Amino acid sequence: MQAVYEYPPKLSRAERQVKAAHDIEEYRKMQRNMYKNILLGVVIIIIGAVFASAVFAKVLLILLGACNCSVGGLMYWYYSLSRDADVYTRIYEDHIEHSQRMGLSKSYLHICLYYEEIEKSYQTNKGRLVCVLKNVEKSSFVVKDKEGREKAFVPEDGMIALSFQDTKGKLVLINDFYEKIGYPHKEYNKIEDEEDDYYSEEDMKWDRLHKHGL
């Protein structure tokens, strides 16, 4: 069955080579930035601990250095998450196949969710798509750890929260499949002019530039 949407997208051999080279360069760039932040943080901590005389300045510099080190590590960690190769989304006409990381661990939740088994869905303030389930028979939920061991996952309170690494995948679901997943959809009234020709021939004689007489 052909997927309506797939992430990451399938690439040709030439495109994969270009992407691999680009990813390596980005990885090295982020790694250099992390080392710079950590080194700068260490220098600030040393200055605060050794050269600062006032207690307040000493504490402030040490805290500033520690924060700088933390920022470097967090930026590198966030970059690693955004490049997670084990995360995917494949949207089909009758179901979605999806993988997402389980919190900060290296385990992943693999989801095969059929739309007919979704009662309704909504978004949280963090952007997660929560699906309220009904009569789950065909859908499956499996947790796989870094060693490849698998175990069944039971959705809590009959709900499953999908977190998307790519925003477009979520938009495809809520815009094109909102009826199937029970997502609230607003229809807006289209305002149209009663007359197609706003300007009459008489108007055009004196208002050729459509300035409305201003």
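Coordinate-derived values only; no laboratory data. This one's a predicted model, so the numbers in the text were calculated from it and none came from an experiment. Glycine gets a Cβ as well: all are built from the backbone with ideal geometry, and neighbour counts include every protein chain shown.
Annotations for the structure displayed:
- Close Lys pairs in region 88-181, defined as Cα atoms under 22 Å apart and 8 or more places apart or on different chains, number 19.
- Length added when fully stretched, Val71-Gln31, from 0.36 nm per residue minus Cα-Cα: 13.1 nm
- Straightening the chain between Val42 and Arg149 buys 34.5 nm, computed as 0.36 nm per residue apart minus the Cα-Cα spacing.
- Cleavage-rule hits, GluC sites (Glu not before Pro), region 87-145, DSSP coil, Cβ neighbours within 10 Å at most 16: Glu93, Glu137
- In a fully extended conformation the segment linking Leu60 and Val130 would gain 20.9 nm over its present Cα-Cα distance, using 0.36 nm per residue.
- Per-residue ³J(HN,Hα) for region 146-152, Karplus 6.51 cos²θ - 1.76 cosθ + 1.60, θ = phi - 60°, Hz, x for Gly and Pro: 5, 8, x, 6, 10, 8, 5
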